[in-house]
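The values are calculated or read from the model by the stated rules, or taken from the named source; none is laboratory data. For clarity, every value in this text was computed on a predicted model and none was experimentally measured. In this analysis, Cβ positions are derived from the backbone assuming ideal geometry, glycine residues included, and neighbour counts consider all displayed protein chains. Calculation scope for accessible area: heavy atoms of the full protein, side chains included, ligands and nucleic acids excluded. Shrake-Rupley method; radii C 1.70, N 1.55, O 1.52, S 1.80 Å.
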Amino acid sequence: EVEFRHQHLDGHYVPVLSKGHVLRNAEGVAVRVCGFNLDLTEDKRREDEYKNLIATSMDGFWVSDRSGHLLRVNEAICNMLQYPEHVLLQMNIADIDANESHVEVERHIDLVLRTGHDLFESRLRRRDGTVIDVEISSSCPREDGTQVFVFLRDISQRKAFEASLLASKTRFRS
């Protein structure tokens, strides 16, 4: 299996996946190659759209493995947590989660892997030690079962507003 770019007669290139195998005779001598080529243009276009969507999202995004190790992150989560990408990619979710231990993070990931998704609130610790409230939407593609895709939205301002509203209501009733 190999990927390459094939040049058409008009000069443009097409990404191609080539798969094949060698057929051998009884003596083990190669007598034929059987295989096929698959045009990957549409797959590559979708992949580029996906990458652009994640890269330009205002919400943070990461992909983790089943133990919580961060595998991919977008710029929004780097800005939200004040870490450069290369540092986040060395971390585990439990290193930045202010609510859950390593064991709890793994249990939560197992839940997402079993059910396929989860939506919840949590608190994350930034590089400077401050804590922010986040809403987390996580999912696991059924065919994969080993990675969790997570979108994170900073809801700190909303939580502060809700707390002040509650305090105002309490003072008003007193």
Report, in order of residue number, the helices in the chain meeting two criteria: a C-alpha extent of 18 Å or more along the helix axis, and a mean Kyte-Doolittle hydropathy of at least -0.5; treat each whole DSSP H run as one helix.
102-115
Around Ser137, what is the net charge, scoring Lys/Arg as +1 and Asp/Glu as -1 over all other residues with Cβ under 12 Å from its Cβ?
-3
Keeping all protein chains in place, calculate the accessible area per residue for the stretch 1-52 (probe 1.4 angstrom), answer in Å².
85
Tell me, what is the percent relative contact order of the stretch 63-174, built from C-alpha pairs under 8 Å that lie six or more residues apart?
23
Within the set of other residues whose C-beta is less than 12 Å from the C-beta of Val33, count the net charge using Lys and Arg as +1 and Asp and Glu as -1.
+3
Per DSSP H run of at least 4 residues, take -39500 (n - 2.57); add these up for the chain, divide by its residues and hand me the 222 nm value, nearest 500 deg cm²/dmol.
-11000 deg cm²/dmol
Using packing as a proxy for protection, rank 151-164, 43-56, 18-31 so that the peptide with the highest average count of other Cβ atoms within 10 Å comes first.
151-164, 43-56, 18-31
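Need one number for the chain: average projected area of the convex hull over its C-alpha atoms, nm². Let's see the in-between values first.
Working: hull surface 69.2 nm².
Orientation-averaged projected area of the Cα hull: 17.3 nm².
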Please list, short to long, the whole-number percent of alpha-carbon pairs of the stretch 102-174 in consecutive 5 angstrom bins beginning at zero.
3, 14, 17, 18, 15, 12, 9, 6, 4, 1, 1, 0
Using only alpha carbon pairs under 8 Å that are at least six residues apart, calculate the relative contact order of the stretch 5-60 and give it in whole percent.
27
Considering only protein heavy atoms, what per residue accessible area in square angstrom results for the stretch 97-155 with a 1.4 angstrom probe?
56
What's the magnitude of the charge dipole for the chain around its Cα centre, counting Lys and Arg as +1 and Asp and Glu as -1 at the beta-carbon? Answer in Debye, nearest 20.
480
